[in-house]
Amino acid sequence: MSDTMKAVQCKHHKAEVVNVPRPVGTGVKVNIVSSGICGSDLHMLSYSDERSAILGHEMAGTLSDGSPVAVEPLAACGHCEYCLSGNYNHCELGMAMVLGIGRDGGMADEILVPERCLVALPSGLPARDACLVEPMAVSLHGLRLATNSNYKTAAVIGGGTIGQCAIASAVSENLHTTLFARHDNQKIAGEKLGASLSEEGLYDLVIDAAGTTSSLQQAVRLCKPKATLLLVATYWDGMVLPGMDLCMKEIKVITAAMYSQHGKLRDVDWAARVLGEIPMIARAVITHRFPLEAASEAFEMAGNRSAGAIKVVLEP
C-alpha cells in the first residue's frame, strides 16, 4: 500500500483533491466509504483561503475487520466538566476537537479517530448512507432539548439536509409536520418523509433549519403564543429576531449545537437507529454521489440547490 492517499483540502477558496501522507499514530483506522458535503463546508471555502485540515465531518466507513461504522466527529478531551456531564459538544477544546475543522476530517481514503468516536451501524443502514448519522444527530439533539409532550404540530423552515432530518425526527415523534422550503426537490423529499406542504395556521413547535434573517422572521410569525422556536441552523451572518412579536407571543427559544449524550444514549447512536429503521430518509435526502476525485464538481453541485441537490456525498 502506498504511503500517501487522496484527500480534499481548501485551496484558494476551492475544494481541491491532493495527495497527503496516510494518517499514523494513535486511534482506530476507518476506511471511508461515504463523506457528506455540509453547508458549513461550503461556508468554510468562502471564509478561508487555505486550510491545512482535511475537510469533512459527515463520514462513515469500515473498520479493518469490515465492520461498518459512522464517525461522531468530536474528539473531545473526555475529562473537562462538560465531557464528564455528557455535554461534550461544549468540551473545553472548542473547535479544535472537531474533525474536518480543527482536525483532519473524512474526505479522504481513510482516517484515524479516537475509539469513542465510532458509531456502530444497525443492519438496515449501510455505510454508504451512514454519513447522514451526523446531520440526523444534529436534528435529534435539538428535538431532545425541545421535548414537550404537549406538542401536536411542527413547522420546519428550510429543506436542506438538516431540515429534512428535522422532518423525519418530528414525524417520528407523531407531530403533524409542515415544511416551508424554496425548491421543488426539497418539497418532494419532505413529502416523502411525511411532511405537509400546506400552511395550516400556527404551530406548537417551529424549527429553523435555514439560518437567515428572513427564516427567523417567518419562524416567529408561524409560532403560536407560548410556542417553542428551535434553532438548529448555523447563523453565519449573525442573528436578527423580531423582538416585539417574539416577546408578545412569549415564545420559548431553544438553541442547539451539534450533539451530545443524554444518560447512556448518544445522539449519534439514536440517529443511526432512526436511519436504520427508516431507510426512506437516505433515499430522499441523498441526491448525488461523486467519487472523491471529483470533489470540485461535487462541491459545485452541493452549492446549487436550484439544480436539485440536497445531500451530495463523496465516495472514495
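Scan the range 260-279 for residues that are part of a loop (DSSP other than H, G, I, E, B), over 15 Å from the mean Cα position of the chain (by Cα) and surrounded by 15 or more Cβ atoms within 10 Å (Cβ to Cβ) and jot them down. Spell out how you get there, then give the answer.
Here is the first cut: in the range 260-279, the residues part of a loop (DSSP other than H, G, I, E, B) are 260, 263-264, 278-279.
Within this subset, residues satisfying the condition of being over 15 Å from the mean Cα position of the chain (by Cα) are 263-264, 278-279.
Selection gives ILE278 alone.
Yes or no, residue by residue, for (1) in contact with a Gly (Cβ under 8 Å, 6 or more places away or on another chain); (2) over 30 Å from ASN31 (Cβ atoms); (3) of a type in the set (A, V, I, L, M, F, W, C); (4) in the same structural domain as SER172 (by TED's automatic domain parsing):
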| residue | (1), (2), (3), (4) |
| --- | --- |
| THR212 | no, yes, no, yes |
| ARG221 | no, yes, no, yes |
| ASP237 | no, yes, no, yes |
| GLU250 | no, yes, no, yes |
| LYS264 | no, no, no, no |
| VAL268 | no, no, yes, no |
| PRO291 | no, no, no, no |
| ARG305 | yes, yes, no, no |
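May I ask you to say which residue of SER52, SER46 is over 20 Å from ILE111 (Cβ atoms) and either surrounded by 14 or more Cβ atoms within 10 Å (Cβ to Cβ) or in the same structural domain as VAL285 (by TED's automatic domain parsing) (or both)?
Numbers: SER52 fails: over 20 Å from ILE111 (Cβ atoms).
Among SER52, SER46, only SER46 is over 20 Å from ILE111 (Cβ atoms) and either surrounded by 14 or more Cβ atoms within 10 Å (Cβ to Cβ) or in the same structural domain as VAL285 (by TED's automatic domain parsing) (or both).
Restricting the first residue to the range 204-220 and requiring it to be touching a residue at least 24 places away in the same chain (Cβ under 8 Å) and closer than 17 Å to GLN186 by Cβ, which pairs with a second residue that is among the polar types (S, T, N, Q) and outside any helix (DSSP H, G or I) meet a Cβ separation below 7 Å and a spacing of at least six or different chains?
From residues that are touching a residue at least 24 places away in the same chain (Cβ under 8 Å) and closer than 17 Å to GLN186 by Cβ, the pairs are GLY211/THR234.
Does ARG182 qualify as being assigned to a loop (DSSP other than H, G, I, E, B) and surrounded by fewer than 24 Cβ atoms within 10 Å (Cβ to Cβ)?
On the way: assigned to a loop (DSSP other than H, G, I, E, B): yes; surrounded by fewer than 24 Cβ atoms within 10 Å (Cβ to Cβ): yes.
It is true that ARG182 is assigned to a loop (DSSP other than H, G, I, E, B) and surrounded by fewer than 24 Cβ atoms within 10 Å (Cβ to Cβ).
Can you pull out the residues in the range 285-296 that are among the hydrophobic types (A, V, I, L, M, F, W, C), outside any helix (DSSP H, G or I) and over 23 Å from PRO122 (Cβ atoms)? Step through it out loud before you land on a result.
Going through the range 285-296, the residues among the hydrophobic types (A, V, I, L, M, F, W, C) turn out to be 285-286, 290, 292, 294-295.
Filter once more, keeping what is outside any helix (DSSP H, G or I): 286, 290.
The one that is among the hydrophobic types (A, V, I, L, M, F, W, C), outside any helix (DSSP H, G or I) and over 23 Å from PRO122 (Cβ atoms): PHE290.
Return the total of residues in the range 38-62 being part of a loop (DSSP other than H, G, I, E, B), in contact (Cβ under 8 Å) with a residue 40 or more places away in the chain and not hydroxyl-bearing (Ser, Thr, Tyr). So that I can check it myself, show each step before the final result.
Step one: of the range 38-62, the residues part of a loop (DSSP other than H, G, I, E, B) are 38, 48-49, 52-57.
Restricting the remaining residues to those that are in contact (Cβ under 8 Å) with a residue 40 or more places away in the chain gives 38, 52-57.
Then keep just the ones that are not hydroxyl-bearing (Ser, Thr, Tyr); that gives 38, 53-57.
Qualifying residue count for the region: 6.
Just the residues that are part of a loop (DSSP other than H, G, I, E, B) and touching a residue at least 60 places away in the same chain (Cβ under 8 Å), please, taken from the range 131-151.
In the first step, residues of the range 131-151 are kept if they are part of a loop (DSSP other than H, G, I, E, B); the result is 146-151.
Residues satisfying the conditions are ALA146, ASN148, TYR151.
Identify, from the list ALA309, ALA233, ALA257, ALA282, the residue that is touching an Asp or Glu at 6+ places or on another chain (Cβ under 6 Å) and either exposed (fewer than 14 other Cβ atoms within 10 Å of the Cβ) or outside any helix (DSSP H, G or I) (or both).
Numbers: ALA309 fails: touching an Asp or Glu at 6+ places or on another chain (Cβ under 6 Å); ALA257 fails: touching an Asp or Glu at 6+ places or on another chain (Cβ under 6 Å); ALA282 fails: either exposed (fewer than 14 other Cβ atoms within 10 Å of the Cβ) or outside any helix (DSSP H, G or I) (or both).
Going through ALA309, ALA233, ALA257, ALA282 in turn, the sole match is ALA233.
Select from the range 152-179 the residues that are over 15 Å from the mean Cα position of the chain (by Cα) and either surrounded by fewer than 24 Cβ atoms within 10 Å (Cβ to Cβ) or part of a helix (DSSP H, G or I) (or both) and list them in ascending order.
LYS152, THR153, ALA170, VAL171, SER172, GLU173, ASN174, LEU175, HIS176, THR178
Here are some conditions: (1) touching a helix residue (DSSP H, G or I) at 6+ places or on another chain (Cβ under 7 Å); (2) in the same structural domain as SER306 (by TED's automatic domain parsing); (3) within 19 Å of ALA302 (Cβ to Cβ). HIS183 meets all but one. Which one does it not meet?
Of the numbered conditions (1) touching a helix residue (DSSP H, G or I) at 6+ places or on another chain (Cβ under 7 Å); (2) in the same structural domain as SER306 (by TED's automatic domain parsing); (3) within 19 Å of ALA302 (Cβ to Cβ), the odd one out for HIS183 is (2).
Among the residues of the range 150-192 satisfying the criterion of being touching a strand residue (DSSP E or B) at 6+ places or on another chain (Cβ under 8 Å) and β-branched (Val, Ile, Thr), which is nearest to GLN217 (Cα to Cα)?
ILE157
Going through ARG128, ARG116 one at a time, which residue ends up being surrounded by fewer than 24 Cβ atoms within 10 Å (Cβ to Cβ), assigned to a helix (DSSP H, G or I) and not assigned by TED's automatic domain parsing to the domain that holds CYS223?
Details: ARG128 fails: assigned to a helix (DSSP H, G or I).
Step by step, each of ARG128, ARG116 is checked, and only ARG116 is surrounded by fewer than 24 Cβ atoms within 10 Å (Cβ to Cβ), assigned to a helix (DSSP H, G or I) and not assigned by TED's automatic domain parsing to the domain that holds CYS223.
Can you pull out the residues in the range 238-254 that are in a helix (DSSP H, G or I) and aliphatic (A, V, I, L, M)?
Within the range 238-254, MET244, LEU246, MET248 qualify.
The values are calculated or read from the model by the stated rules, or taken from the named source; none is laboratory data. For clarity, every value in this text was computed on a predicted model and none was experimentally measured. Cβ atoms come from the backbone with ideal geometry, glycine included; neighbour counts cover every protein chain shown.
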